Amino acid sequence: MSEQTYSDIQRKKNSIIDSLIHLGIYKKGNKQLYELTLHELKAEYHIVNPAIQDLSF
């Protein structure tokens, strides 16, 4: 994976994590948000905020 791709993924993860924290979500099960994959974070965001269909983070 290139550094650019890795940076893009990290930026997207951080953005979703910030949004989840703003909504009062700090963990999923026994995992901290930073331990989740991008896919898991997007799924969690859709669960807590189903009105948002397009995640353009």
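A few remarks follow.
- Solvent-accessible surface (1.4 Å probe) assigned to Ser7 amounts to roughly 60 Å².
- Virtual spin-label span in nm between Val48 and Tyr6, 7 Å along Cα→Cβ: 2.7
- Residue (of Ser7, Asn30, Ile17) at the positive-pole extreme of the chain, dipole from beta-carbon charges: Asn30
- Note on the chain: with a GNM built from Cα contacts shorter than 10 Å, the maximum mean-square fluctuation among Leu23, Leu33, Leu41 falls on Leu23.
- Over the chain, DSSP H runs of length four or greater, each weighted -39,500 (n - 2.57), average out per residue to a 222 nm ellipticity of -18000 deg cm²/dmol.
- In this structure the chain gives 73 Å² per residue of accessible area when probed at 1.4 Å with all protein chains present.
- Crossing angle, helix 38-48 versus the chain [Cα axis fit, 0-90 degrees, rounded to tens]: 20
The values are calculated or read from the model by the stated rules, or taken from the named source; none is laboratory data. Small disclaimer: the values here were computed from a predicted structure and weren't measured. Glycine gets a Cβ as well: all are built from the backbone with ideal geometry, and neighbour counts include every protein chain shown. Areas reflect the complete protein model, heavy atoms only, side chains present, ligands, DNA and RNA absent. Shrake-Rupley method; radii C 1.70, N 1.55, O 1.52, S 1.80 Å.
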